[in-house]
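Working notes, beginning with the structure itself.
Here, each number is a calculation from the coordinates, and none is a lab measurement. It should be emphasised that the depicted structure is a prediction, and the values quoted were computed from it without experimental measurement. Cβ placement follows ideal geometry from the backbone for every residue including glycine, while neighbour counts extend to all protein chains displayed.
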Amino acid sequence: MVCIAGWLLAEAQALIGYLRERQLWAALAGALALWALAYQPAYTYQLDIGGNQRTLRQQYDTPFLRGFNASEPPSLYDTPTITPYRWAEDRATIVLPGLGGQRWRLAIRAASGRPDGSPIESRWSDGSSTQALWIAAAPQVYYLAAATDMAGDLRLHLETPTLDAPADPRRLGLVVYQVGVEPLAGPYLPAPGLLGLLAGALALLYLLARRLALGPRGALALALAMAAVVAAALATTRMGLALLAPTLVPIGLGCYALGLLGSRIYQHLLAPPLGSPASRTGR
C-alpha cells in the first residue's frame, strides 16, 4: 500500500510538472488559433431526415433529433422510391452541435401531414426568438433565421398541435423531410463548447506523450499536428466531429490511466532488472 501511495504521489508530481510546461500552453494557444480560423470558411450542412434516398442510409440523423418518431419508411432498401421522413412529436427539437457562427439561415422541408389536407400552425424557436409558421399539407421548404446558444449549438424547438389519430398511439405533430443550414454573415465565431472539449482532449494527448515517450518539443509537435488535423475536420466535417467530441476527453483519460498502468507493469515485471545477466547480454 505504501508503495502504491508513493507511486501515485510521484505520478501526481510529474503531472503537475507537465502542466507547468510552456510547450503545453503554446500547443493549446496554437490549436485555438487554428480552430478559430477553421470556422471562417462558410460552412453549410444538410441533414436528410429519415434517411438519404440516394445512398439508402438511415438512422444517422438520430443524434440530431429530440422528440421525433422512427424513420419512415422503415427500410429504404425495400422501398427506395419513397421519400424518407420522420414525424415530429408535438414538442420536438433539432440540435446541430458545435455549429458556431451565431446566426444561420435554416431551410426546413416539412408538411402538416393532415389526412384532410389542412394546414397547421407550428411555432419554431431557437431559444431567443419564436416564429409562427403555417405548414401546408404538401411538402414545402420553409426559411427562417436562427441563432446559436452560448455553447455555439443551434437548437430549434418545434411546437405543433397534435394530430388526432385514434388508430395511431404515437404523438404526431408535423412531418419533416430535410434540414439545411447556411451562415448569414461573417466573421464566424467558434463554438466555445466544442472548442473546450477539443482543447481538453488535446491537453490529454500532450500529457500522455510527455509521460510515456516524448520530450516537451516532441509533445508540442505532436499536439500541433493533431490540432491541424482537427482544424481540417472543423472546416469540412464539423457535425461529425461535434458528435465525436464528447467522447474524446473520457477516452483520453482512459488512455492516460492505461498508459500509467502499462508503464508500471513494464518497469516492474517485464523490463530486465538493471545489472542482471539478461540486461548485460541483451538476451
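In whole Å, what is the distance between the alpha-carbon centres of segment 134-168 and segment 16-89? After rounding, the separation between the Cα centres reads 19 Å.
Based on DSSP H segments of at least four residues, each scored -39500 (n - 2.57), the chain has a per-residue ellipticity at 222 nm of -13000 deg cm²/dmol.
Counting neighbouring Cβ atoms within 10 Å and putting the fewest first, the residues SER118, SER71 line up as SER118, SER71.
Dipole magnitude for the chain: computed about the Cα centre from +1 point charges on Lys and Arg Cβ and -1 point charges on Asp and Glu Cβ, it is near 1320 debye. Each of the peptides 205-212, 224-231 was scored by the mean count of other Cβ atoms within 10 Å over its residues; in descending order, highest first, they stand as 205-212, 224-231.
With coordinates expressed along the principal axes, the C-alpha atoms belonging to the chain extend over 89, 42, 36 Å, beginning with the largest. In this structure, the amide hydrogen of TYR85, modeled 1.01 Å from its nitrogen in the peptide plane, lies closer than 5 angstrom to those of GLU72, counting only residues at least 5 positions away or on a different chain.
Each residue of segment 193-201 was assigned a 3J(HN,Hα) from its phi angle through the Karplus expression (A = 6.51, B = -1.76, C = 1.60, θ = phi - 60°), giving x, 5, 5, x, 5, 5, 5, x, 5 Hz with x at Gly and Pro. For GLN178, nonlocal amide neighbours, meaning residues 5 or more places apart or on other chains whose placed amide H falls under 5 Å from its own, are ILE49, ARG109. Across all Cα pairs in segment 123-166, the calculated P(r) in 10 Å bins from zero up to the longest distance comes to 23, 46, 24, 7, 0 percent per bin.
If we count every other residue with Cβ under 15 angstrom of ALA203's Cβ, Lys/Arg +1 and Asp/Glu -1, where does the sum land? That works out to +3.
Here the Karplus curve 6.51 cos²θ - 1.76 cosθ + 1.60, taken at θ = phi - 60°, turns the phi angles of segment 13-30 into couplings of 5, 5, 5, 4, x, 5, 5, 8, 5, 5, 5, 4, 6, 5, 5, 5, 5, x Hz, with x standing for Gly and Pro.
Along segment 91-96 the Karplus relation, 6.51 cos²θ - 1.76 cosθ + 1.60 evaluated at θ = phi - 60°, assigns HN-Hα couplings of 10, 9, 9, 9, 10, 10 Hz to successive residues, with x for each Gly and Pro. The distance separating the Cα centre of segment 223-241 from that of segment 175-213 comes to 8 Å.
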